[in-house]
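Okay, structure first, notes after.
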Amino acid sequence: MKKDEEALLKQASLLREDYAKKNPCLLGYFNHVSSLSLPTLRAFSFQQDLSFFKECSFALSLIETIAHRPHIVAKNVDAILRADQASNVTPASFFSTIEDPSLWKRKKDLSYSPEYVHVEESEDDIKIYENIFICMALRSIEREVAHYEEFYSSLILSSASARLTQKEDHVLEAFAALKPCKNKIERIKKSDFYKRVGKEPDLKRLVPTNILKSDPIYSRVYRFYGELSRFASEEEEARELLHYFLVLILTSLKKRGFSLLKGYAQKRTVACFRKGASLVFASDKLQVRLINVSGKAIAFEVVSLASPSHRSSHLLFLESGYSFASYAGNAQKPSYASYDSLSACSIWNLVSLGKKTIALGEGSQSAYELMDLYLDSILFYQKASKDVYSLYCPHCKSKGVTHVEDSYSCPHCHSSYYLETIGDEDYLFFKSEAKEAR
């Protein structure tokens, strides 16, 4: 996510936390969720982006200066030299030599003299706390630049659009403004400073040392880093994004007439929706179980109340970026074979993940609308003629659907569905609806 989107997510998190304090019980949280109106996370101001790129470039210039003239600490280290090469032995080194019999050699007259001695040597240490922070800040800026580059890459128009990207569009200007940042990052990472210090792990806790506060160059980078970091880690950002989408899901379920299953986790809080946890809701026709699969994906298990053997399973990945390229091939992975559909949702779009990645949403749709669109697709349950749809596919209208055990499937578009009879009415329940004719 971009810096401004992270700021909005942080704002949404505060609203959500305040709402959770007022509605600590899961049942109350769900029943009043429609009153919780979260802000959209979409943010796009080209002028603000250009201003941010200039700030990044300036901060990188400061880091480049530090890389050429970093703070170092001189420290004394213990070394062992041949006695005839040691020009100066301190009292502490002398006593260390006396206490180390392995350094002494027996002479012909049976006396002993030191062949090697301990000495103190001064060594410059570049791997100090402040320099490790500078390398951490560099990586943070690099990630931020990559987020913006990914965002503007997603704005490149394709042949499917009404027109292609042209030279006066903001995309080219953004790439031009990002290029100096990328060049500086590349130079710094090739420097001897980064090669020596950059291997150190990121600091787990940031302490404002005297150098970070008083040195004019280090302090400017320190202040910029403080403005840049909205979340302590990527894990925290993913957790907040999941709970943001969870509110959208609960709001959409509430609109559809679902209620929290009686007796199911009513005394728990929504904060209990951690990895592996589940929430169960039911309407008059369907039951749906939400499962936190990985902290970055939610599974939906949908069951028909009229025929419990009629069920479907769907997995929704929650993407914080702007590209879904990393999900290519997931549909063919054995670990996802149990799901009837795979999809991914970001604050900008919703896609179906099959042999091809197919965009289902539009750039103009809000995150609330995208979640409504997704739930429409997996909770499809409507009156339908059994006589008609036992022969014709409800998706592509092709004739010749096959009937295997309880379900129907279309050999043309590969949709699969159930037909049920409740009283005098027939209903159709999609197990998996195709997003394109294959």
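The values are calculated or read from the model by the stated rules, or taken from the named source; none is laboratory data. Fair warning: this is a prediction, and the values are worked out from it, not measured in the lab. In this analysis, Cβ positions are derived from the backbone assuming ideal geometry, glycine residues included, and neighbour counts consider all displayed protein chains. Note: accessible area is taken over every heavy atom of the protein model, side chains too, but ligands, DNA and RNA are not part of it. Shrake-Rupley method; radii C 1.70, N 1.55, O 1.52, S 1.80 Å.
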Tell me, what ³J(HN,Hα) does each residue in the stretch 346-362 have, in order and in whole Hz, if you take phi through Karplus 6.51 cos²θ - 1.76 cosθ + 1.60 with θ = phi - 60° and put x for Gly and Pro?
10, 6, 10, 6, 10, 10, 9, 10, x, 5, 10, 8, 10, 6, 9, x, 10
Treating only the Cβ of Lys, Arg, Asp and Glu as charged (+1, +1, -1, -1), what charge dipole size does the chain show about its Cα centre? Round to the nearest 20 debye.
360
What fraction of the DSSP beta bridges in the chain is antiparallel, stated in percent and rounded to the nearest 5?
90
Zero-based 10 Å bins, Cα pair distances in the stretch 24-119, whole percents
11, 18, 11, 10, 12, 11, 11, 12, 4, 1
Dipole-positive endmost among 219, 260, 229 within the stretch 213-299 (Cβ charges, Cα centre):
260
Which of 254/356; 356/383; 127/182; 189/356; 199/333; 2/255 exceed 27 Å between C-alpha atoms? The answer is 254/356; 356/383; 189/356; 199/333; 2/255
Enclosed volume per residue, in Å³, of the convex hull spanned by Cα atoms of the stretch 217-291:
98
Accessible carbon and sulfur surface of the stretch 57-113 relative to its total accessible area, %, 1.4 Å
56
Residue with peak Gaussian network fluctuation, the chain [Cα springs, cutoff 10 Å], from 110, 248, 172
110
Entry for Cα extents along the principal axes in Å (calculated from the structure that is shown) out of (1) 97, 53, 43; (2) 68, 56, 48; (3) 116, 60, 47:
(3)
Hydrodynamic calc, the stretch 258-326: Kirkwood Rh from Cα pairs, then Stokes-Einstein at 10 °C with viscosity 1.306 mPa s, so D in µm² s⁻¹ is 119
Additional length obtainable on full extension of the chain from residue 58 to residue 285, 0.36 nm per residue less Cα span:
75.8 nm
Using a cut-off of 20 Å between alpha-carbon atoms, which aspartates and glutamates can reach residue 108, once sequence neighbours fewer than 8 places away in the same chain are excluded?
84
Quick one: what Rg and Dmax do you get for the stretch 289-438 from the alpha carbons, in Å?
15.8, 48
Given points 7 Å out from each Cα along the Cα-Cβ axis, report the residue 92 to residue 22 separation in nanometres with one decimal.
6.3
Need the full-extension length gain, residue 15 to residue 355, defined as separation in residues times 0.36 nm minus the C-alpha distance. One decimal, nm.
118.5 nm
Per DSSP helix of 4 or more residues, -39500 (n - 2.57); summed, then divided by the residues of the chain. What does that give at 222 nm, rounded to the nearest 500?
-12000 deg cm²/dmol
What do you get for Rg/Rh of the stretch 89-129 when both radii come from the Cα atoms and Rh is the Kirkwood radius?
1.22
